[in-house]
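The values are calculated or read from the model by the stated rules, or taken from the named source; none is laboratory data. Computed from a predicted model, the values in this text were never measured in an experiment. Glycine gets a Cβ as well: all are built from the backbone with ideal geometry, and neighbour counts include every protein chain shown. When the accessible area is computed, the model is the full protein with side chains, heavy atoms only, and any ligands, DNA or RNA have been set aside. Shrake-Rupley method; radii C 1.70, N 1.55, O 1.52, S 1.80 Å.
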Amino acid sequence: MARLRCVLVLALLLVTTQLPGDAIAGRGHGHHGPAAHDCRDALTKSILFFEGQRSGKLPPSQRQSWRRDSGLSDGASAKASRCWCFFLSSSSCIRTFALYSCSSLTLVRVGLRQVDLVGGYHDAGDNVKFGFPMAFSMTMLAWSVVEFGGLMKGELQHAREAVRWGADYLLKATAHPDTIYVQVGDATKDHACWERPEDMDTPRTVFKVDSSTPGSDVAAETAAALAASSLVFRKSDPTYASRLLTRAKRVFAFADRHRGSYSTGLAADVCPYYCSYSGYQDELLWGAAWLHRATKSPTYLSYIQLNGQVLGADESDNTFGWDNKHAGARILIAKSFLVQRVASLHEYKGHADTFICSMVPGTPTDQTQYTRGGLLFKLSDSNMQYVTSSAFLLLTYAKYLAFAKETVTCGGGAVVTPQRLRAIARRQVDYLLGSNPMGMSYMVGYGPRYPRRIHHRASSLPSVAAHPGRIGCSQGFTALYAGGANPNVLVGAVVGGPDLQDKFPDQRNDHEHSEPATYINAPLVGALAYLAHSYGQL
């Protein structure tokens, strides 16, 4: 579909930093201009959202107090073998366990132990724990803290807690060598119900990847999340950080050694929900980039140098999200050249610039569609995830460029400065928070007008405190199709957003536009921290 852009606006774009829709918003967006929104308040709420997505035993500090414990037996359906060897003199083993020859001097005790997968996050409005988007959400939340945590002040501790909640779960999911537990819950049966996490009685089936059923995409993303999270805790909890990084190395080695997409072996269980449409090459490059950043080891630098092109470093794709990580990997690796001056990675600035140029309106290589109101538009289904992830990358790359005193040159000699990248990102966040044709904030709980009927089971059904009795699988559908506001406000949740015409119906059964997700919020946390600081609100 052609961009909705008039000739006058297009001409202005060549000489200003404004996007289509700035005139609608009615305010400037210079770096030192007036704040369009209270980004500090939005930052607080964007982090608070993650507490509403928690699964497991909730801590006393839980602030989304209408939520309760859930999924306390997650992992019980899976059993992992465990073997021990004993000296022959340990005869007590004979009476309890089957014996196998371990060596001439020992006996082996073979048993099964329950897998502990309690905790983690629900990715969106359902009750399944999907490991692929959860890991990406943790990578991006950790990246938000790594880049902009120093600006968060009082919110930094809450952001760290949100990262730790996810990282703890990923440690559990990778506890056994050459095995990663990538999903808890039968997605088809879960989606046939509308019930609270506290009530769920659908099968909590556990799905895994291993050497015989590889999943390089989900494994390498998990490695990236663990490595990124290690950086969050490097100073505040070095022991924990070391544990995360050690695990990240092991998981990445598994991902690289046993190559394949998890959508192949687990297609019936992970598709169509979170199929890996882009393949696994982008995750291998992304995972290596994070391990290089976390370790500074020549091992990962060499891996990137030897494998980068094969893994798609120079592909022209410009969509960054839970499935395709190429753009993020390019910018992350480009930092090594721009900031750390790793000369051998100079080509990654060119790769990153290509992505950036595809997003800047008015440049010869612009490939990005914007709505008439000024919103970046990629897909109708959960489009806001691409808005927040792109805004984060723009701000982060602007940071690297500014440090190196560099700019981006797009086709035809158009020069794009860090200031312009910040202005584009700022416009996207302003739109999200309410500077749009509908005058609506797409963050629940922020501003006077925001979505009231979000597609989210726990938010749409009465809380346990309000309705102690169980609400059955089919009973909940009454709430799905009801017209009133959700009884529980999932503060900070950012929904999928408006359509290409800047319209948003606010209907609970419209999952494409009304469903929130952790991977929408995760990059927004970093963007809001930067903007709140730049406006003097932090």
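For the reader, a short list of remarks on this structure follows.
- Nearest-ten-degree value, helix 238-257 long axis tilted from longest Cα axis of the chain: 90
- Contour minus Cα-Cα distance for GLU512 and THR246 (0.36 nm per residue): 92.0 nm
- Averaging Cα coordinates gives a centre for the stretch 138-214 and one for the stretch 471-538; these two points are 19 Å apart.
- For the chain, averaging the sequence separation of C-alpha pairs within contact (under 8 Å, six or more residues apart) and dividing by the residue count gives a relative contact order of 21 percent.
- ASP317-LYS503 pseudo-label distance in nm [points 7 Å out on the Cα-to-Cβ vector]: 3.2
- Its relative contact order, with pairs defined as Cα atoms under 8 Å and 6+ residues apart, puts the stretch 141-274 at 27 percent.
- Net length available on complete extension from ARG452 to SER211 is 82.2 nm, with 0.36 nm assigned per residue and the Cα-Cα distance removed.
- Percent RCO, i.e. relative contact order, over the stretch 316-368, from Cα pairs under 8 Å lying at least 6 residues apart: 27
- Bins of 20 Å, starting at 0 and running to the largest distance - Cα pair percent for the chain: 22, 55, 20, 3, 0
- Probing with 1.4 Å while keeping every protein chain in the model, the per residue accessible area of the chain equals 37 Å².
- Rounded to the nearest 10 degrees, the angle from helix 156-173 to the longest Cα principal axis of the chain is 40 degrees.
- The portion of the accessible surface of the stretch 169-286 made up by carbon and sulfur, rounded to a whole percent, is 52 (1.4 Å probe; DNA, RNA and ligands excluded).
- Virtual spin-label span in nm between HIS467 and GLN367, 7 Å along Cα→Cβ: 4.7
- Estimated FRET transfer efficiency when R0 is 22 angstrom, pair ARG234-LYS153 (beta carbons, to 0.05): 0.70
- Fully extended contour minus Cα-Cα distance, from ALA175 to ARG63, at 0.36 nm per residue: 37.4 nm
- Once the mean of 1/r is taken over each pair of separate Cα atoms and inverted, the stretch 195-254 shows a Kirkwood hydrodynamic radius of 13.4 Å.
- In the chain, the longest principal axis of the Cα atoms and the axis of helix 39-52 are about 30 degrees apart.
- The calculated FRET efficiency for the pair ALA268 and THR478, based on their C-beta separation and a Förster distance of 51 Å, comes to about 0.95.
- Ellipsoid fit via the Cα gyration tensor, the stretch 424-538: semi-axes of 29, 16, 11 Å, each the root of five times an eigenvalue, largest first.
- Bridgeable lysines around LYS57 (alpha carbons under 26 Å apart, same-chain partners fewer than 8 residues away excluded): LYS45, LYS79, LYS129, LYS172, LYS189, LYS208.
- A simple spin-label model places the labels of GLN309 and SER73 5.5 nm from each other, with each point 7 Å out along Cα-to-Cβ.
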